[in-house]
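What follows is a set of notes on a single structure, which appears directly below.
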Amino acid sequence: MTQALYDIPLKRIDGSAGDLSAFRGKVLLVVNVASKCGLTPQYEGLEKLYQAQREKGLEVLGFPANNFKEQEPGSDTEISDFCTTKYDVHFPMFSKISVRGEDRHPLYGELTKAQPTAIGDGPFRERLKGYGIDTGNPPDVLWNFEKFLIGRDGKVVARFAPDVAGDDPRLLDAVERALQD
């Protein structure tokens, strides 16, 4: 992650302005999330991972996005309420953004440029194609719940396919390694 990435303007889900500079020196797991997706139950595993590792310096950061089959149609307030009441999410959430296409947020432009391929890519992509869904091409974000792991030094160290859940050994190992650096 470039120094400038920490300065990309973001908006928190409560409407307050921000950026990633508050998270310098921490390990970040950036996830594009959606409330009406078959993968939405991943909120549970992401929260569990956050609770287990935040004392060691992990921050899970949720970025709602409505890019895929309109599976995040709600307002920021509705999304926040859903995450709190349905999944008891405590990790930081940001305002809804676009993660793919012409209106892609600059944060996701930088993330996909830094890590154009995802660990575990393939099976989920093929499943989506089987449903006739346009999966785009790497480095495009494939679907909801794709994950980018950023080390303490601000560099993107790994990217995980949407169906790599919060308790997947590949993700857990990568997080553990990043926390040790």
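The values are calculated or read from the model by the stated rules, or taken from the named source; none is laboratory data. Bear in mind the structure is a predicted one, so any value in this text is a computation, not a measurement. With ideal geometry, Cβ positions are generated from the backbone for all residues, glycine too; neighbour counts draw on all protein chains shown.
A few comments on the model shown:
- Looking across segment 145-181, just one residue is among the aromatic types (Phe, Trp, Tyr) and free of Cβ contacts under 8 Å to residues at least 60 places away in the same chain, and that is Phe160.
- Selected residue (only one of Glu44, Glu72 is over 13 Å from the mean Cα position of the chain (by Cα) and in a loop (DSSP other than H, G, I, E, B)): Glu72
- Applying a threshold of 8 Å to beta carbon distances and a minimum spacing of six or more residues, or different chains, the list of pairs starting in segment 37-66 at a residue that is on the phi > 0 side of the Ramachandran plot and ending at one that is surrounded by 18 or more Cβ atoms within 10 Å (Cβ to Cβ) and of a type outside the set (Lys, Arg) reads Gly57/Val27.
- Residue match in segment 9-32 (condition: polar (S, T, N, Q), within 26 Å of Pro139 (Cβ to Cβ) and surrounded by 13 or more Cβ atoms within 10 Å (Cβ to Cβ)): yes
- Residue under evaluation Gly62, criteria (1) touching a helix residue (DSSP H, G or I) at 6+ places or on another chain (Cβ under 8 Å); (2) in a helix (DSSP H, G or I), criterion not met: (2)
- Comparison of Ile8, Ile79 shows that the only residue that is in contact with a Leu (Cβ under 6 Å, 6 or more places away or on another chain), of a type in the set (Val, Ile, Thr) and farther than 14 Å from Lys147 by Cβ is Ile8.
- Residue within segment 91-106 that is part of a helix (DSSP H, G or I), surrounded by fewer than 20 Cβ atoms within 10 Å (Cβ to Cβ) and free of Cβ contacts under 8 Å to residues at least 60 places away in the same chain present: no
- The test for being closer than 19 Å to Lys96 by Cα, surrounded by fewer than 19 Cβ atoms within 10 Å (Cβ to Cβ), modelled with pLDDT of 95 or more and among the β-branched types (Val, Ile, Thr) does not hold for Thr40.
- Candidate set from segment 128-150 (those that are in contact with a strand residue (DSSP E or B) (Cβ under 7 Å, 6 or more places away or on another chain) and not in a loop (DSSP other than H, G, I, E, B)); member that is farthest from Ala165 (Cα to Cα): Ile150
- Any hit, segment 114-124, residues being over 30 Å from Asp181 (Cα atoms) and either touching a residue at least 24 places away in the same chain (Cβ under 8 Å) or out of contact with any Pro (no Cβ under 9 Å at 6 or more places or on another chain) (or both): yes
- Test result for Asn66, surrounded by 14 or more Cβ atoms within 10 Å (Cβ to Cβ) and more than 18 Å from Gly166 (Cβ to Cβ): yes
- Residue satisfying all of: in segment 112-127; outside any loop (DSSP other than H, G, I, E, B) and charged (D, E, K, R); surrounded by the most Cβ atoms within 10 Å (Cβ to Cβ) among these: Arg125
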